[in-house]
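The values are calculated or read from the model by the stated rules, or taken from the named source; none is laboratory data. Note that this is a predicted model, so its numbers are computed, not measured. Because the Cβ atoms are built from the backbone with ideal geometry, glycine has one as well, and the counts that use them run over all protein chains shown.
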Amino acid sequence: MWGSRGDREGDVGEQLSTAGPSADEAAAKARLGDLLDKVEVFRGRHCSVAELAGGLTNRNYRVTTTEGTFVLRLSSAQSGELAVNRDHEYRNSAIAASSGVGAPVVEYLPDEGAMVLGFIEGRTFTDDSFRIPGNIARVAAACRRLHDGPPFVNDFDMFVIQGRYLEVVLRNGYRLPSDYLDFADVIPRIRAALSVRSDGTVACNNDLLAGNVIDSGDRIHLIDYEYAGNNDACFELGNIWSECHLTLEQLEELVTCYYGHPLADKVARARLFGLMSQYGWTLWASIQDAASDLDFDFWTWGLEKYDRAVQTFRSPELGRLVELVQQVD
């Protein structure tokens, strides 16, 4: 999340509060100072640093020097259980930049878990931004630019990810909604229905919550490629619908703008992928609730997604979506 709201500015020595930082803040401050000496674009230059709001598996900083403004991303040590591959993130970020959608990649320090990107000046989206006339079409166009660009270096399949997350949760005894496994038998049915008329995969961000959409004025940029990978385009659209709390009418507009005309089967496809994203990200939240050292209520965040998934699982409309997604519009 690279928006400027909630930033804390100052020189490195003044970072992370002067009123007695916590142990985690002190460690982050020390790591930050050390990294600024290792990054070529920062070394030997005066750096003005602001911690950016957001970032649930990393810390993000805006770093301003005489050379320009950059984002320094420091990955969390806990991201391994979440199937985040930082080398893939780096390479996919560079591909997204080449498509004109992502931020330029400036430097990558794999041994330090750090990546430096160009800072995109602009307004960070909120869920309400999708209500502004024209914005849904602009987001659809940005997705299309990304999807029409070069493929990413890896694949992303929420059916596979969800199974992997579930194994982690069960093996470690992490918290799980009491009826989560009641819907396990439905998942193969949904997967089979989606496979009937698959259009293949394209380069997808796979994590487009509103905070990962930046309006620079002349275009929409899509940022944060931790979970990027080649995927069904309708997963991208359905995940946006879920993450940004769009109405069904807004999803229909998003799909129509993306494909150029209304397609009921694609709306159904996006809704089913949105359902799978809710079901899968619930487990992501369970893992984060147990393993993350960030001060964030992951459990409540995950339950909100799960409650929406349950509504669909228990609705007679699920059967209609499963049938519709297999038909030719």
Query - Hits in region 157-179 - residues which are assigned to a helix (DSSP H, G or I) and surrounded by fewer than 18 Cβ atoms within 10 Å (Cβ to Cβ) - result: Phe159, Val160, Gly163, Arg164, Glu167, Leu170, Arg171, Asn172
Report task. Filter region 94-116 for residues that are in a strand (DSSP E or B) and touching a helix residue (DSSP H, G or I) at 6+ places or on another chain (Cβ under 7 Å) and give the result. Result -> Val105, Tyr108, Leu109, Ala114, Met115
Query raised in the report: Quick one: would you say Leu254 is within 21 Å of Gly100 (Cβ to Cβ), out of contact with any strand residue (DSSP E or B) (no Cβ under 6 Å at 6 or more places or on another chain) and in a helix (DSSP H, G or I)?
Result: yes
Query raised in the report: List the pairs whose first member sits in region 280-296 and is assigned by TED's automatic domain parsing to the domain that holds Val310 and over 13 Å from Tyr165 (Cα atoms), whose second member is in a loop (DSSP other than H, G, I, E, B) and of a type in the set (A, V, I, L, M), and whose Cβ atoms are under 9 Å apart, counting only residues at least 6 apart or on separate chains?
Result: Ser292/Leu56; Leu294/Leu56; Phe296/Leu56
Requested in this report: Note down all Cβ pairs under 7 Å where the first residue falls in region 298-309 and is closer than 12 Å to Leu176 by Cα, the second is in a helix (DSSP H, G or I) and β-branched (Val, Ile, Thr), and they're at least six residues apart or on different chains.
Outcome: Gly302/Thr282; Tyr306/Thr282
Query raised in the report: If you go through region 177-192 one residue at a time, do you hit one that is within 20 Å of Ala270 (Cβ to Cβ) and either in the same structural domain as Ala97 (by TED's automatic domain parsing) or in contact with a Leu (Cβ under 8 Å, 6 or more places away or on another chain) (or both)?
Result: yes
**Report entry** Hey, Ala53 hydrophobic (A, V, I, L, M, F, W, C), modelled with pLDDT under 90 and either outside any loop (DSSP other than H, G, I, E, B) or in contact with a Phe, Trp or Tyr (Cβ under 8 Å, 6 or more places away or on another chain) (or both) or not
**Finding:** no
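Out of everything in region 29-62 that is in contact (Cβ under 8 Å) with a residue 12 or more places away in the chain and of a type in the set (Gly, Ala, Ser), what residue ends up being nearest to Arg73 (Cα to Cα)?
Step one: of region 29-62, the residues in contact (Cβ under 8 Å) with a residue 12 or more places away in the chain are 29, 31-33, 35-36, 38-42, 45-62.
Filter once more, so that each one left must be of a type in the set (Gly, Ala, Ser): 33, 48, 50, 53-55.
Details: Gly33: 13, Ser48: 15, Ala50: 12, Ala53: 12, Gly54: 11, Gly55: 9 Å.
Checked region 29-62; the qualifying residue nearest to Arg73 (Cα to Cα) is Gly55.
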Requested in this report: Quickly run through region 189-203 and pick out the residues that are out of contact with any Phe, Trp or Tyr (no Cβ under 6 Å at 6 or more places or on another chain), under 17 Å from Asn239 (Cβ atoms) and in contact (Cβ under 8 Å) with a residue 60 or more places away in the chain.
Outcome: Ile190, Leu194
Query - Residues located in region 152-172, provided they are more than 21 Å from Arg269 (Cβ to Cβ) and either of a type in the set (Val, Ile, Thr) or more than 20 Å from the chain's Cα centre (by Cα) (or both) - result: Val153, Glu167, Val168, Val169, Leu170, Arg171, Asn172
**Report entry** Residue check, Ala264 in contact (Cβ under 8 Å) with a residue 40 or more places away in the chain and crowded, with 18+ Cβ neighbours inside 10 Å
**Finding:** no
Report task. Looking at (1) part of a helix (DSSP H, G or I); (2) more than 25 Å from Ser93 (Cβ to Cβ); (3) among the charged types (D, E, K, R), find the lone condition where Glu236 falls short. Result -> (2)
Query raised in the report: On the given criteria, is Gln278 modelled with pLDDT under 95, part of a helix (DSSP H, G or I) and not hydrophobic (A, V, I, L, M, F, W, C)?
Result: no
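Take region 184-208 and flag every residue that is within 17 Å of Ser93 (Cβ to Cβ) and either in a loop (DSSP other than H, G, I, E, B) or among the aromatic types (Phe, Trp, Tyr) (or both).
Passing the criteria: Asn205, Asn206, Asp207, Leu208.
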Report summary line: Looking across region 133-156 at residues that are assigned to a loop (DSSP other than H, G, I, E, B) and out of contact with any helix residue (DSSP H, G or I) (no Cβ under 9 Å at 6 or more places or on another chain), the single one that is nearest to Arg219 (Cα to Cα) is Gly134
